[in-house]
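Structure, as structure tokens:
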Amino acid sequence: MTSAILTIAACAVLNRARGDDRWMPDWMPGRALFPVSIAIGLIGACFDGLWYGAAFGAAFFVWAVGPWGHLIGLGRFAPDRPASGLETALIELAAGNAHLALGLRHLFALPGLMIAAAISGELLLGVPGALAFAAFATGAYELSWRLRPSNPIIVAELLTGALWGGLAVALA
């Protein structure tokens, strides 16, 4: 139980670190996503071995790497840039429903989570786990907008990271 709580807390903090690379030292190249994905993979490896950890870290990376800015606002704001092709496609696919578009974006974790679930022998949890993750992560953003409308993304990233920690434990 203690390892599950520590995992959830660590993944929450790591996902927040991924969202804000101001913590990175100057000598460390690239985006915060790279070291954070490795750390998430190492956490996964602690639960079910190296291959599970690699698949779990890759799932996190694929989920996080693409554009989000026009989706995380859930219709409340838009960044000072045009929507990317991916964001535009998801918004169109969701018929303009910002919540559904963000939920679809969260499903980018599905392929990697399916592989991680197969490696751990929990294949039947892969699809339901990814669907639940997408729904709860979207809910985390909505809740964050309601709880802290002045700066909801920090809260949303912490909550979504905690969901990643829950996935690491559940799928292993």
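The values are calculated or read from the model by the stated rules, or taken from the named source; none is laboratory data. Since we're looking at a predicted model, the values are computed, not measured. Cβ sites come from the backbone with ideal geometry, for glycine too, and all protein chains shown count toward neighbours. Each accessible area value is taken on the protein alone, full model and side chains, heavy atoms only, with ligands, DNA and RNA left out. Shrake-Rupley method; radii C 1.70, N 1.55, O 1.52, S 1.80 Å.
The table below lists the values:
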item: VAL13 accessible area, 1.4 Å probe, all protein chains in place, Å² to nearest 10; result: 90 Å²
item: Fluctuation leader among GLY57, GLY30, GLY121 - the chain, Gaussian network, Cα springs under 10 angstrom; result: GLY30
item: Highest-MSF residue in the chain out of ALA95, ALA109, ALA134 [GNM, Cα springs under 10 Å]; result: ALA95
item: Bins of 10 Å from zero: percent of alpha-carbon pairs in the range 77-116; result: 29, 46, 22, 4
item: Debye-sum result for the range 72-160 in log10 I(q)/I(0), which assumes one identical scatterer on each alpha carbon, at q = 0.23 Å⁻¹; result: -1.11
item: Dipole axis of the range 1-152 (+1 Lys, Arg; -1 Asp, Glu on Cβ), positive-most option in SER84, GLY30, LEU143; result: LEU143
item: Residue of ALA162, ALA83, ALA59 that the Gaussian network model of the chain assigns the largest fluctuation, springs spanning Cα pairs under 10 Å; result: ALA83
item: Volume in Å³ per residue [convex hull over Cα atoms, computed for the chain]; result: 119 Å³
item: Global form of the range 8-71, assessed from the alpha-carbon gyration tensor, a/c cut-off 1.5; result: prolate
item: Stretch in the chain that is longest and holds no chymotrypsin sites (Phe, Trp or Tyr not before Pro) that DSSP places in a loop and that have at most 16 other beta carbons within 10 Å; result: 78-172
item: Fraction of accessible area attributable to carbon and sulfur, the chain (%, probe 1.4 Å); result: 72 percent
item: Kyte-Doolittle mean at least -1.0 and Cα axial length at least 30 Å: DSSP H helices in the chain; result: 123-147
